[in-house]
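Written out below as structure tokens is the structure these notes cover.
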Amino acid sequence: MAAKLYTKPELKELNHIHMGRRIRTQREHLDMTREDLAFATDLSPKFIAEVEYGNKGIALGNLYKISQVLDVSCDYLIAGAYTGVELEEQVSRIAEDVIEPMMGFSPDEVKFIESVATSYKALRKKLNKQDR
């Protein structure tokens, strides 16, 4: 029996700064302070700040605690990607919170929203390039 050839995939580097930003963004989205998150996870506020700024790595167990408190997957915190049920929930939330209210917009209002989204996307792309 011949050995199966396996090609090594191109692996991405873990970006602690981006991961920290996702933690901070989700924490703020939930109106939590660092102290709230620290208390809920038995970590220190100083440690939470260091992780959010990308200055410290984090053990898997602590990341898992944070993901549970923030109600997002570890995958999202690490890589910024929603998967499976979480992706379906995110799409459903966007449809309900963003698209449905736009149903009564005039064509000019829709064009304005599109221009805001396009500008935001361009700005985000520019900022991501600066982070690298």
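Values in this text are rule-based calculations from the coordinates and carry no lab data. Predicted model only: the values in this text are computed from it and were never measured. Methodologically, a virtual Cβ is constructed for each residue, glycine included, from the backbone with ideal geometry; neighbour enumeration extends over all protein chains shown.
Please give the length that would be gained between residue 111 and residue 17 if that part of the chain were fully extended, namely 0.36 nm times their separation in residues minus their C-alpha to C-alpha distance (nm, one decimal).
30.5 nm
Set Lys and Arg Cβ to +1 and Asp and Glu Cβ to -1, take the dipole of the chain about its Cα centre, and tell me which of 70, 80, 101 lies farthest positive.
Towards the positive end, the residue furthest out is 80.
Under 8 Å for C-alpha pairs, at least 6 residues apart: give me the relative contact order for the chain, rounded to a whole percent. Each step should come with its number before you reach the end.
Details: 77 pairs, mean separation 27.2, N = 132.
Contact order relative to length: 21 percent.
Test of understanding: ordering 30, 11, 43 by Cβ neighbours within 10 Å, fewest first, what list do you get? Please report the intermediate quantities before stating the final value.
Working: 30 13, 11 6, 43 17.
Sorted ascending by nearby Cβ count, the order is 11, 30, 43.
Could you identify which residue out of 91, 110, 51 has the top mean-square fluctuation in a GNM of the chain using Cα springs shorter than 10 Å?
110
Magnitude of the Cβ-charge dipole of the stretch 13-81, K/R +1 and D/E -1, about the Cα centre, nearest 20 debye?
On the way: 8 positive and 10 negative charges, 31 e Å.
Using only the charged Cβ atoms, the result is roughly 140 debye.
Quick one: dipole size for the chain, taken about the Cα centre, charges +1 on Lys/Arg Cβ and -1 on Asp/Glu Cβ, in debye to the nearest 20.
It comes to approximately 940 debye.
Looking at the chain, identify the longest residue range that excludes and avoids all GluC sites (Glu not before Pro) in DSSP loops having at most 12 other Cβ atoms within 10 Å. Numbers along the way, then the final one.
Working: sites that count: 10, 13.
Result for the longest clean stretch: 14-132.
What does the helix-only formula give at 222 nm for the chain: each DSSP H stretch with n ≥ 4 adding -39500 (n - 2.57), the total divided by the residues, and the result rounded to the nearest 500 deg cm²/dmol?
Working: 7 runs with 83 residues, N = 132.
Result for the chain, helices only: -19500 deg cm²/dmol.
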